[in-house]
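What follows is a set of notes on a single structure, which appears directly below.
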Amino acid sequence: MSEKNMKSLTPEMFEFVGMNESAGEEMARERVGFWKDAVRRFRTNWGAMIGLFIILIIGFFAFAGPLMNGYDYESQNIAIQNMEPFEDHYFGTDSFGRDLWQRTWNGAQVSLQIAFLAALFDLLIGVTVGSVSGYFGGRVDMVLQRIVEILYSIPNLIIIILMLLIFEPGIIPIALALSITGWVPMARVVRAQILKLKSQEYVLAARTLGAGHRHILTRHLIPNVMGPIIIAVTFAIPSAIFFEAFLSFIGLGIRPPLASLGSLVFDGSKFLQIYPYQLFYPATVLCLIMLAFNLLGDGLRDALDPRMRK
Amino acid sequence: MDMIKYTLTRLGYMIVTLWIIVTATFFLMHSLPGTPLQNEEKLPPLIRDQIMETYGLNDPLPVQYMNFLGRLVQGDLGKSLTYDGRSVTEMLLEGFQASSFIGMQALVFGVVVGLFLGVAAALRHGGLLDNIATIVAVAGVSIPSFVMAGLLSYWVGVKWQLLPTALWGTYEHTILPSLSLSFFVIAQMSRYIRTEMVEVLDQDYMKTAKAKGLGRQAIIFRHALRNALIPAVTVLGPLAVNIITGSLVVETIFAIPGIGEFFVQSIQVNDYTLIMGVTIFYAVLILVTIFVVDILYGIIDPRIRLAGARE
Amino acid sequence: MARRFRISTLVSLLLIAVMVLSACSFGGGDTETKNSQVLNLAEIQEPPKLDSAKTTDVVSSMILGNVMEGLYRLDKDSKPVLGMAAKEPEVSADQLTWTFTVRDAKWSDGKPVTAHDFEFAWKRALNPETASEYAYILYPIKGAESYNTGKGSVDDVGVRALDDKTLQVVLERPIPYFKDLLCFSTYLPQRQDIVEKYGDKYSLEVDTMVYNGPFIFTDWKHNQSFQVKKNPSYWDKDTVKLEEVNWQIVKDNTTLVNLYNTGKLDFTKLTSEFIDAFKDDPNTFAIYDGSSWYLEMNQTKDFFKNRKIRQAIQLAIDRDTFVKGILKNGSIPAGGLVPPFIKASGVDENKKYRDLVKLEPEFDPAKAKQLWQEGLKELGLTKAPTIELLGDDTTGAKANLQFIKEQLRVNLGADVQITSVPFKERLERGKTQRFDLLVSGWSPDYNDAMTFLDLFTTDNAFNRGKYSNPEYDQLIRKSKENADFKERFQDLKKAEEVLIDDAAIVPLYFRTEMAVKKPFIKDWYWSAIGPEYTLKWTYVETGK
């Protein structure tokens, strides 16, 4: 304003506050951790919430559904075979007169177990191999890539059929057999992403600041490939359920009279033209599971991807 | 120069990889129960042994293995043990014509539709097209192929009689099988492209491009799509091999003379030569594809240098 | 955010719509008349071996039965009628030496069919180097077995062309069913010059073989389709009315039905899923496939050595419900081992074995339960061990396993675990007694009860449960050499009764398949033995 006022500034007017070392480090806003932030954003994502909700509902029925009518999944009654839903046979009966409600929810249980196990194995092996391979490159990459190539290039049926001959078809052997080759796509996707990211400036910065490989991988790289990883998982779960269904198609699925959704859908598909309800119920549950995982996957990706932080 | 060296190195690795695959499969396969004989169920044990002897199947495994490698080096895959005396190479090539035609068609259709849906979905993030893309993607992965193929064959083929319900011969016969196969491709493509595009469109260099005054089309195709394609290519290569080598389900349901069924049937009947044939055929296709994909990487994204050439 | 709602609703609606669409009922195009003598059929697989010396499978044998002809062929009642044989043979008094006269007939390349063609073909099949998997069907011929197993010489094989038109066959032992055997693929003639000309390409394509049957093989697109046409040089060509028959290779049952419903096929077999859809169709018919299905019990284990346990299992399975409720294909509940189409050979050519030997299936859960408890007591057990039920992994086999498991669970309180494995694995486990109960089936090699009863002698490789009874062994051994066919019949009858009384096996059913054909197909003759069907007499009833 005026020079006069400027001139009237005297040292007495100032007060020495001292130096607060820590104040400079303080954030302008409350520090929000990666996961906390993710959870917050996830909760505002309706699609993901619906997906989660459907999964919870199906999960609930998969375990509680069998308690809801007085039947079980294996008791046969030829007198009421191939009946559309009636009385407390909510989903009707199959060609043995077995209760389809029981079989469907039992099957959902089995399929979910197989899918989660297989996806878990895929995730653990795939992410480890993919990130190590992509990050370190060189000889490590070369060796790991050869292993990936070998697994990728053998028609996986040979391995899976052999596995299932050695171990009798059950939930864990099927999940294991599926992940023997199932982790490979995951590893490839992760590796490609890491290759893309590792030469970016922020990684360079972190390395310059003295961050270790482990820190860079788990703190900087893997969170940034979370998007593709989660998509890969949302594909891994349906593909595990499907591959199990395919095993039913060639006769190697779960051991009867136990059923999985895949084997029920396969059995039902043979009745498509005559008793379509036998396909309808298990297929609907199957589709709902898929839908739910896809919505959930989309939501999780939005929530976990740091680049989408607002 | 680097390129040639790199290619040669990779070729060397491919041969080693192939050898490991051949060896592993050979020994795994021989641990399958039973013999390749057709009438095994009714054959008296004495005669069975004698016939196995005639086919050289009673020799110690290492001997059989060396014999096999010897023939393989000369490019001879041998003769099928099930289809009396037919050459495996001939069987594979014959079947591959049908399988690859259907697969290629499915692939082209699937990739085009998938790309379109993926890009459109990303551009209209949350809009109608995005919803349609999501629906197609979810449907493509949530209906098992035998249900999808069965429904198409029944509805289009039997109920509406628009296209042949099955069999092989004219172009019309290829449409439904290709369509059933393409759903999976569409689903995979559209999802990956959409995800990548959404991310890429958010990047700073996109804003730079816009600020430079580049046209919308140029931005989308020159910058966004190119970057979004990288993960898609990773997925697409092996997917393509999978698709053109036929699908047991689709070929069974549409009665197509392809090779998809060989992958399962050869194992079921212990047709050793055919198992080795399909394994080698498939492995070579995949190995070459992975190699090509890696090369494409360098072209699409200059930041990724060829791993082998660097060190 | 309401948008997200729409996605899920839309997807669900779409999926539900797809499923609902599928709920609508059944319909299809009908072509009930036809104006040409052309048939469109289907087979489940590509013919794997068309070399008659080596062939073992149903499809190849059916084709050979229509494009080739042996000394005899099967007629509408599955009885042997003269084929390449000009007249009934002269048979020596001891039933061992048979002398045939070969008819004046021509191969499709114009050369005459001679007795040498038979001698060559049979000896070729027996040559160990041919590695024929069905050569043992020729073993009734003298010296055949020792030549085939590398012990004897080709010169000692009892088949000789005395001249171009006379074939003399010497048998090892008297058998009442030799003429039936002559209808079998392995007994077909082959041309030495053609076989040698094409070497390992023989019979791989339509033009690397020659034909002497009612039809000639004219087209073969591997894994896709094949075709035969009427053979203009067939000796009985006036009888043959069909001009052309086309087969598509279709593996999926639903696809077969779809093709039938759209008029692309004139015939299809029906699996149990489709029986209900066709139950009011007058054009369905039953095909006896000749096989007998039964449970083997592993008698190397103490638990199944107990006769009461075995009898309990035999009484605990409701085979009537099994056949009507699960199989639904017209199969016949079995009380014995020998299926109903087997002839009472050597006794009465017009009667069936089962007409004379009645064994009805018994189902008595109360008695079964009682025997089970008694058996457990005898074994000193309070609770039965977990029983492993082994079977194939096909859809049909799995259904059977599940039904049997449930029957034993409900009627005996037994804890049964199903193991369904691929075919080869099942054979392997059966062979090495790695099972408790095993679902087995056997198809006949010739039309005589012996082809079944022979199975359960102590040292037979196919007696996988290791049943052993000296009386049974003795009866079978005696019947194999017995030239008194009446007594032989009584012994076989006795043997089967012993087998069932001992509960050596649990007979399940005699398999039948359901099929549907267009009504214009007439005189299509099926056989449970030898070539599956013959088209020699078949014709299309043409529309007006």
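The values are calculated or read from the model by the stated rules, or taken from the named source; none is laboratory data. As the structure is a computational prediction, the values presented were derived from the model and not from experiment. Glycine gets a Cβ as well: all are built from the backbone with ideal geometry, and neighbour counts include every protein chain shown.
Checking the stated criteria, C:ARG426 turns out to be within 12 Å of chain B (Cβ to nearest Cβ) and part of a helix (DSSP H, G or I). All conditions but one from (1) touching a residue at least 40 places away in the same chain (Cβ under 8 Å); (2) assigned to a helix (DSSP H, G or I); (3) within 13 Å of chain B (Cβ to nearest Cβ) apply to C:ASP454; the one that does not is (1). Exactly one residue out of A:LEU221, A:LEU288, A:LEU264, A:LEU258 is over 30 Å from C:ALA397 (Cβ atoms) and modelled with pLDDT of 85 or more, and it is A:LEU288. For the range A:66-77, the tally of residues that are of a type outside the set (D, E, K, R) and within 21 Å of A:ARG255 (Cα to Cα) stands at 6. Check whether at least one residue in the range C:111-118 is in contact with a Lys or Arg (Cβ under 9 Å, 6 or more places away or on another chain), buried (at least 24 other Cβ atoms within 10 Å of the Cβ), within 20 Å of C:GLU172 (Cβ to Cβ) and not aromatic (Phe, Trp, Tyr), and report yes or no. No; the residues of the range C:111-118 include none that is in contact with a Lys or Arg (Cβ under 9 Å, 6 or more places away or on another chain), buried (at least 24 other Cβ atoms within 10 Å of the Cβ), within 20 Å of C:GLU172 (Cβ to Cβ) and not aromatic (Phe, Trp, Tyr).
Against the numbered list (1) surrounded by fewer than 20 Cβ atoms within 10 Å (Cβ to Cβ); (2) hydroxyl-bearing (Ser, Thr, Tyr); (3) away from chain C (no Cβ under 14 Å), A:SER131 comes up short only at (1).
Within the bounds of the range A:204-226, is there any residue that is small (Gly, Ala, Ser) and either within 12 Å of chain B (Cβ to nearest Cβ) or in contact (Cβ under 8 Å) with a residue 60 or more places away in the chain (or both)? Within the range A:204-226 (the criterion being small (Gly, Ala, Ser) and either within 12 Å of chain B (Cβ to nearest Cβ) or in contact (Cβ under 8 Å) with a residue 60 or more places away in the chain (or both)), the answer is no, since none of the residues qualifies. The set of residues in the range B:157-184 being under 17 Å from B:GLU251 (Cα atoms) and of a type in the set (Val, Ile, Thr) consists of B:THR165, B:THR170, B:THR174, B:ILE175. The set of residues in the range C:231-280 being among the small types (Gly, Ala, Ser) and more than 27 Å from A:PHE96 (Cα to Cα) consists of C:SER233, C:GLY263.
Looking for something over 30 Å from A:LEU195 (Cα atoms), modelled with pLDDT of 85 or more, buried (at least 21 other Cβ atoms within 10 Å of the Cβ) and not polar (S, T, N, Q) - is there at least one such residue anywhere in the range A:152-171? Among the residues of the range A:152-171, not one is over 30 Å from A:LEU195 (Cα atoms), modelled with pLDDT of 85 or more, buried (at least 21 other Cβ atoms within 10 Å of the Cβ) and not polar (S, T, N, Q), which makes the answer no.
In the range B:252-268, the residues that are of a type in the set (Asp, Glu) form Cβ pairs under 8 Å with partners that are modelled with pLDDT of 90 or more, at six or more places apart or across chains, as follows: B:GLU261/B:GLU251; B:GLU261/B:THR252; B:GLU261/C:LYS251. The set of residues in the range C:119-159 that are farther than 20 Å from C:TYR211 by Cβ, buried (at least 21 other Cβ atoms within 10 Å of the Cβ) and among the aliphatic types (A, V, I, L, M) comprises C:LEU126, C:ALA135, C:LEU138, C:ILE141, C:ALA144, C:VAL157, C:VAL159. Pairing each residue of the range B:24-46 that is more than 7 Å from chain C (Cβ to nearest Cβ) and in a helix (DSSP H, G or I) with any residue that is among the hydroxyl-bearing types (Ser, Thr, Tyr) and surrounded by fewer than 18 Cβ atoms within 10 Å (Cβ to Cβ), provided the two are 6+ apart or on different chains, yields C-beta distances under 9 Å for B:PHE26/B:TYR65; B:PHE27/B:TYR65; B:HIS30/B:TYR65. On the stretch given as the range C:227-239, residues that are crowded, with 22+ Cβ neighbours inside 10 Å and in a strand (DSSP E or B) total 1. Contact map, the range B:225-244: first residue over 16 Å from A:ARG191 (Cβ atoms), second residue among the polar types (S, T, N, Q) and surrounded by fewer than 22 Cβ atoms within 10 Å (Cβ to Cβ), Cβ cut-off under 7 Å, separation 6 or more or different chains; pairs are B:ALA240/B:THR289; B:VAL241/B:THR289; B:ILE244/B:SER100.
Pairs meeting the criteria (first residue in the range B:163-176 and over 15 Å from B:ALA106 (Cβ atoms) and assigned to a loop (DSSP other than H, G, I, E, B), second residue at pLDDT below 90 and among the basic types (Lys, Arg), beta carbons under 6 Å, at least 6 apart or on different chains) are lacking. Counting only strands (runs of 3 or more DSSP E) that sit wholly inside the range C:249-367, those with at least 2 residues that are farther than 30 Å from B:GLY150 by Cα and among the hydroxyl-bearing types (Ser, Thr, Tyr) are C:284-297. Looking only at the range B:51-70, residues that are more than 19 Å from C:GLU428 (Cβ to Cβ) and either touching a helix residue (DSSP H, G or I) at 6+ places or on another chain (Cβ under 6 Å) or not in a helix (DSSP H, G or I) (or both) come to 4 in all. The condition of being without any contact (Cβ under 8 Å) to a residue 60 or more places away in the chain, farther than 25 Å from B:GLU261 by Cα, surrounded by fewer than 21 Cβ atoms within 10 Å (Cβ to Cβ) and more than 8 Å from every other protein chain (Cβ to nearest Cβ) holds for only one of B:VAL112, B:VAL108, that being B:VAL112. The condition of being touching a helix residue (DSSP H, G or I) at 6+ places or on another chain (Cβ under 6 Å), assigned to a helix (DSSP H, G or I) and among the aliphatic types (A, V, I, L, M) holds for only one of B:LEU77, B:LEU92, that being B:LEU92. Is it fair to say B:TYR13 is farther than 21 Å from C:PRO48 by Cα, buried (at least 16 other Cβ atoms within 10 Å of the Cβ) and more than 10 Å from every other protein chain (Cβ to nearest Cβ)? No; evaluated as a whole, the condition is false for this residue. Among C:LEU162, C:LEU242, which is of a type outside the set (Lys, Arg), away from chain B (no Cβ under 14 Å), over 23 Å from B:PRO257 (Cα atoms) and surrounded by fewer than 18 Cβ atoms within 10 Å (Cβ to Cβ)? The match here is C:LEU162. Looking across B:GLU40, B:GLU53, one residue alone is modelled with pLDDT of 85 or more, of a type in the set (Asp, Glu) and farther than 24 Å from A:TYR152 by Cα. It is B:GLU53.
Count of the range C:429-450 residues, restricted to those that are assigned to a helix (DSSP H, G or I) and either touching a residue at least 40 places away in the same chain (Cβ under 8 Å) or among the aromatic types (Phe, Trp, Tyr) (or both), is 2. Residues in the range C:48-76 that are assigned to a loop (DSSP other than H, G, I, E, B) and touching a strand residue (DSSP E or B) at 6+ places or on another chain (Cβ under 7 Å): 3 in all. Selection of the range C:43-61 for residues being surrounded by fewer than 24 Cβ atoms within 10 Å (Cβ to Cβ) and either without any contact (Cβ under 8 Å) to a residue 60 or more places away in the chain or among the aliphatic types (A, V, I, L, M) (or both) yields C:ILE44, C:PRO48, C:ASP57, C:VAL58, C:VAL59.
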